[in-house]
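Asks: Structure incoming, see below.
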């Protein structure tokens, strides 16, 4: 069909903020074969007397992003996660900033921009599989700031909506 543009997997990009100070240092989570963004809609059933059947209402979403990352020493995202794996942080030390830049240019060819979520998330380490040479983890998204992002030289710039 004319007018359709297929969105590409390599253009929906998760970035992990690996900076320790107030300034963001974005590391792309790229050497992964999983991008499973599950919305986890929280539903409530109401059996109103005016309805023949119960009605479902969505009260909120609790998104989570499952990921794995190939073990490449020198990859900024892997090095950061490997350090977390080794040190087993808890509490506030696992609250991380995840930026998801979604494919689907809303700008122009010369000045592309993309919808983006700048999130506060809990990073949950799952397991480290040396045979598969991958580290598995997920982000439980706690809050979403919606906006736009541009990506230049592999680094994103986020602007809140």
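The values are calculated or read from the model by the stated rules, or taken from the named source; none is laboratory data. Note that the coordinates shown come from a computational prediction; the quantities given were computed from them, not determined experimentally. Don't worry about glycine lacking a Cβ; one is built from the backbone with ideal geometry, like all the others, and counts go over all protein chains shown.
Asks: Being out of contact with any strand residue (DSSP E or B) (no Cβ under 8 Å at 6 or more places or on another chain) and modelled with pLDDT of 95 or more narrows it down to one residue among 131, 149; which is it?
Replies: The conditions single out 131.
Asks: Examine region 96-103 for a residue that is touching a residue at least 60 places away in the same chain (Cβ under 8 Å), under 22 Å from residue 40 (Cα atoms), in contact with a helix residue (DSSP H, G or I) (Cβ under 7 Å, 6 or more places away or on another chain) and surrounded by 14 or more Cβ atoms within 10 Å (Cβ to Cβ), and state whether such a residue exists.
Replies: The answer is yes; a qualifying residue exists.
Asks: List pairs: first in region 104-119 and under 9 Å from residue 149 (Cβ atoms), second at pLDDT below 90 and surrounded by 11 or more Cβ atoms within 10 Å (Cβ to Cβ), Cβ under 6 Å, 6+ apart or cross-chain?
Replies: 113/107
Yes/no matrix, rows are residues, columns are (1) touching a helix residue (DSSP H, G or I) at 6+ places or on another chain (Cβ under 9 Å); (2) at pLDDT 95 or above; (3) surrounded by 10 or more Cβ atoms within 10 Å (Cβ to Cβ):
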| site | (1), (2), (3) |
| --- | --- |
| 7 | no, no, yes |
| 18 | yes, yes, yes |
| 29 | yes, yes, yes |
| 42 | no, yes, yes |
| 59 | no, yes, no |
| 64 | no, yes, yes |
| 72 | yes, yes, yes |
| 77 | no, yes, yes |
| 83 | no, yes, yes |
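Asks: What's the number of the condition residue 55 fails, among (1) without any contact (Cβ under 8 Å) to a residue 60 or more places away in the chain; (2) under 25 Å from residue 136 (Cβ atoms); (3) touching a strand residue (DSSP E or B) at 6+ places or on another chain (Cβ under 6 Å)?
Replies: Single failed check for residue 55: (2).
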